[in-house]
1. Under the Karplus relation 6.51 cos²θ - 1.76 cosθ + 1.60, θ = phi - 60°, what is the ordered set of whole-Hz ³J(HN,Hα) values for region A:289-298, x standing for Gly and Pro?
2. Positive end of the dipole of region A:328-418, charges at C-beta (+1 Lys, Arg; -1 Asp, Glu), about the Cα centre: which of A:Gln367, A:Asn416, A:Ile387 has its Cα farthest in that direction?
3. Show me, for region A:314-324, the HN-Hα J-couplings you get by feeding each phi into the Karplus relation (A = 6.51, B = -1.76, C = 1.60, θ = phi - 60°), rounded to Hz, glycine and proline as x.
4. Considering the options A:Pro136, A:Pro5, A:Pro377, tell which one lies farthest towards the positive end of the dipole of chain A, charges being +1 on Lys and Arg and -1 on Asp and Glu at the Cβ, about the Cα centre.
5. Could you pull out every residue, at least 5 positions away or on a different chain, whose amide H is within less than 5 Å of the one on A:Gly166? Hs are placed 1.01 Å off N in the peptide plane, and Pro or chain starts have none.
6. Between beta-carbons, use under 10 Å as the cut-off and find the net charge around A:Leu254, counting Lys and Arg +1, Asp and Glu -1.
7. From Cα pairs below 8 angstrom and at least 6 apart in sequence, can you work out the relative contact order of chain A, rounded to a whole percent?
8. Explain nothing, just the number: relative contact order of region A:62-176, from Cα pairs under 8 Å at least 6 residues apart, as a whole percent.
Amino acid sequence: MFRAPRGTSDLLPEQQKYWRYIESKAMELAGEYGFGRIDTPVFEDSGLFIRSVGEGTDIVEKEMYTFEDRGGDSVTLRPEGTAPVCRAYLEHGMHNLPQPVRMYYFCPVFRYERPQAGRFREHHQFGVEVLGDPDPSVDAEVIELASRFMSSLGLSDIDILVNSIGDPECRPAYISQLKTYYSGFTDRLCEDCLSRLDRNPLRLLDCKVETCRALGDEAPRSSDHLCQPCQEHWDRLRDYLAAMEISYQVDHRLVRGLDYYTRTVFEVQPRDVGGQSTILGGGRYDGLIEELEGRPTPGIGFATGMERLTLNLQRGGIEVPEIVSPSYLVANVGAEARPAALKLAAELRRAGVGAILSSGSRALRGQMRQANALNVPYALILGEDEIQRGEVVVRDMASSTQETVPLQDFMGAVANRSA
RNA sequence: GCGAGCGUAGCCAAGUGGCCUAAGGCGCCUGUCUGUGGCACAGGAGAUCACGGGUUCGAACCCCGUCGCUCGCCCCA
């Protein structure tokens, strides 16, 4: 038997309510802030991601779904959402639009990883991007949006972590300080950290091994080594966040795995457990558009994982609205009633109300059971008697009461109610 | 890429060498109730016990391999 590929899953009808809930909240908020929706292709030229995400990153090095298409071009299933949006910004000359340009997206993203709790090979993101404005007020606004998004979902047990990792001006000097610091403790570093020392020194900071953590506490902090413009950006951001009364924590260990981030980085984490816990991550990427051969254009955004949001909604016991079932089940008895039932169901749907046609192959008893199991408020019963008299039995399932009414009157009432 | 655990019907599972032609529960279907649901009772369908090999007189159960799933590390949403 075929199964869904490793790390992927089917989103079954009974789970859809979470997604609908998250999507509706996200779209509502995005609209409030003036974001327009963008949808980009599921796959892109492989070079786009190699260039933007960074050659040395894990994503590019070992996680991309890259293949040659039949024409011999190398394409890659989108491993993240920001680069395609930037590509679209450039391709469609959006620098000619009023700046900044605000866009949001929902899309599947693909990374070849070992699946575990909250981590998949295909997952789905909601993300926002603001392109064309360097001002820290935009950072504050985007972080505020993230915060509002969490509270609108009902997720309250979360921390918002914020940091500044500088820019190409000041970061190299900081990184070399960091290396110097850690090089003095090579005897105390874990094996992973020893390799990070060469490959990705920033990552030393968020190692989870106890001894490494202790070293990280005392390590030089990026926010203490910012160049003057970065420092000013960082100071103003914190002023704005304070002015907006956003509760957040500065986390000097916060770094992100993609090369394009500059200055502001932030994450949202649930308060309880560790593991694959980050539910939202983002930051500023002022060099990215230029890296993609555009005029220097600043940008900032974040992405959230639908699956992790759902997980947290479920863990938090947060009630989400059920997807409404149709109002009517049309039961029918006897061969004569079958076409009449089909017609009635079709008319109801045309009138804008949902109707499920019950299979006439079952006894009426079975059809009523079905009505009960499907949780429809009303069952409509058509039998030969009703057909002859031009009537229909309308049964209110909740109160177990029913009345026989002329079909025309019933349809008239339905039309009035839905109008 | 590394480490650990687990695979018995759609789901939850009992069973740890013969009494297993595999218990029970949920769900599904049918009947009791000849055209009326939720409850109850009765019945039914649904399992090559993940797959392959081995040990044994005998394997769901022990051993080996494979595959799959889950969890952790790395990394990330």
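We did not get these values from a lab; they are worked out from the coordinates using the rules stated. Note that the structure is a prediction, hence the values are computed from the model and not measured. We place every Cβ from the backbone using ideal geometry, glycine too, and count neighbours over all the protein chains shown.
1. Listing the rounded values in order: 4, 5, 4, 8, 6, x, 4, x, 9, x Hz.
2. The residue sitting farthest along the positive end of the dipole is A:Gln367.
3. So the Karplus estimates, Gly and Pro as x, are 5, 4, x, x, 7, 6, 10, x, 5, 7, 5 Hz.
4. A:Pro377
5. Amide H neighbours of A:Gly166: A:Arg263.
6. Details: positive: A:Arg253, A:Arg256; negative: A:Asp206, A:Asp251, A:Glu267.
Net of charged neighbours comes to -1.
7. Details: 699 pairs, mean separation 63.0, N = 419.
With pairs under 8 Å counted, the relative contact order is 15 percent.
8. On the way: 103 pairs, mean separation 22.7, N = 115.
Relative CO of region A:62-176 lands at 20 percent.
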